[in-house]
1. Restricting attention to the stretch 39-70, and to residues there that are among the polar types (S, T, N, Q) and either more than 17 Å from the chain's Cα centre (by Cα) or in a helix (DSSP H, G or I) (or both), which single residue is surrounded by the fewest Cβ atoms within 10 Å (Cβ to Cβ)?
2. Out of all the residues in the stretch 200-213, which are crowded, with 18+ Cβ neighbours inside 10 Å, assigned to a loop (DSSP other than H, G, I, E, B) and of a type outside the set (Val, Ile, Thr)?
3. What are the pairs, 6+ residues apart or on separate chains, where a residue within the stretch 205-223 that is modelled with pLDDT under 95 has its Cβ under 9 Å from a residue that is part of a loop (DSSP other than H, G, I, E, B) and open to solvent by 80 Å² or more (accessible area, probe 1.4 Å)?
4. With the requirement that a residue be part of a loop (DSSP other than H, G, I, E, B) and either touching a Cys at 6+ places or on another chain (Cβ under 6 Å) or open to solvent by less than 10 Å² (accessible area, probe 1.4 Å) (or both), what does the stretch 15-38 give you?
5. If we scan the stretch 71-80, do we find a residue that is of a type in the set (A, V, I, L, M, F, W, C), buried (at least 20 other Cβ atoms within 10 Å of the Cβ) and under 16 Å from the mean Cα position of the chain (by Cα)?
6. Go through the residues of the stretch 138-146 one by one and say whether even a single one is more than 20 Å from residue 203 (Cα to Cα), open to solvent by less than 10 Å² (accessible area, probe 1.4 Å) and under 13 Å from the mean Cα position of the chain (by Cα).
7. Mind listing just one residue for me: the one in the stretch 118-133 that is at pLDDT 95 or above and open to solvent by 10 Å² or more (accessible area, probe 1.4 Å) and, of those, nearest to residue 69 (Cα to Cα)?
8. Does residue 174 fit the bill of being among the basic types (Lys, Arg), within 25 Å of residue 84 (Cβ to Cβ), modelled with pLDDT under 95 and in a loop (DSSP other than H, G, I, E, B)?
Amino acid sequence: MPVLGVCSLKGGVGKTSVTLGLASAAVAAEMRTLVVDLDPQADTTLALGATGAAAQDVAAVLDNPARYVVDSAIASSAWDPDLLDVLVGSSDSVRHDGPTYEHRLQNLSNALSTLDEYDLVLVDCPPSLGGLTRQGLTACTRALVVTEPGLFSVTAAARAFQAIDALRRGPAPRLQPLGVVVNRVRARSSEQTYRQQELDGMFGPLILSPAIPERAAMQQAQGAGRAIHDWPGTSASELAQGFDALLARAVRARSDV
């Protein structure tokens, strides 16, 4: 079961939007998918229509990764109750975001190891390198770094790869970088073009194609509680095709695990 961590060490780059786009692509591909919402803001849980639909939440799972706790923290997504589930997020998870003992880094991994009914797990990590992100990435087989073509986002992407490498040499030997997705790309921006060239120079083949353009359709679909693949219009179709390609890359990587 491939477990893909979606991460960024800088907020505001659209990490959750990328998670939702990949979840939408997975549903369109009829993949049984679990989204783990590790961000204390729980925006992914809200967007997927799973708020208040479970007796427990991800914080309880990090306290006790037993299967019965995991089951009580999973809710069906309103997007597709048959194909898409959510390990629901909660502001209570912030208490797991401080310094984390090494043995506790395995709690999410232990929880996911009790599951075998999914084709794909997506882990939406917080935009920082605290205990939650470390636990999330430790449970993953692949890590997708989300950035946008801006100065601070580029430097944050470099720090994210350093963090992934440190985890690989420590508690997460299975973890491999899937690559960098460049999000919120605007046409005809000389500054963004410069930063994209900078990203290409830093990460080379780790830059995934296609980049995700900035389109109002993404915010419109999220505001309506809909998957981007179900939203009408040319812009939504363009975004859906981009997420289909990123998902296909993640699925191909499973043979390397």
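1. Taking the stretch 39-70 first, the residues among the polar types (S, T, N, Q) are 41, 44-45, 51, 56, 64.
Next cut, either more than 17 Å from the chain's Cα centre (by Cα) or in a helix (DSSP H, G or I) (or both) only: 44-45, 51, 56, 64.
Working: 44: 27, 45: 26, 51: 16, 56: 20, 64: 13.
Of everything passing the filter in the stretch 39-70, 64 is surrounded by the fewest Cβ atoms within 10 Å (Cβ to Cβ).
2. Correct list: 208, 211.
3. Between residues of the stretch 205-223 that are modelled with pLDDT under 95 and residues that are part of a loop (DSSP other than H, G, I, E, B) and open to solvent by 80 Å² or more (accessible area, probe 1.4 Å), the close pairs are 213/186; 214/186.
4. If the condition is that a residue be part of a loop (DSSP other than H, G, I, E, B) and either touching a Cys at 6+ places or on another chain (Cβ under 6 Å) or open to solvent by less than 10 Å² (accessible area, probe 1.4 Å) (or both), then 38 is the only one that fits.
5. There is no residue in the stretch 71-80 that is of a type in the set (A, V, I, L, M, F, W, C), buried (at least 20 other Cβ atoms within 10 Å of the Cβ) and under 16 Å from the mean Cα position of the chain (by Cα).
6. Within the stretch 138-146, one or more residues are more than 20 Å from residue 203 (Cα to Cα), open to solvent by less than 10 Å² (accessible area, probe 1.4 Å) and under 13 Å from the mean Cα position of the chain (by Cα).
7. Per the criteria, the residue is 118.
8. Details: among the basic types (Lys, Arg): yes; within 25 Å of residue 84 (Cβ to Cβ): yes; modelled with pLDDT under 95: yes; in a loop (DSSP other than H, G, I, E, B): yes.
When the stated conditions are applied, residue 174 passes them.
The values are calculated or read from the model by the stated rules, or taken from the named source; none is laboratory data. Predicted model only: the values in this text are computed from it and were never measured. Positions of Cβ are backbone-derived with ideal geometry, glycine not excepted, and every protein chain shown enters the neighbour counts. Surface areas here come from the heavy atoms of the whole protein model, side chains and all, with no ligands, DNA or RNA. Shrake-Rupley method; radii C 1.70, N 1.55, O 1.52, S 1.80 Å.
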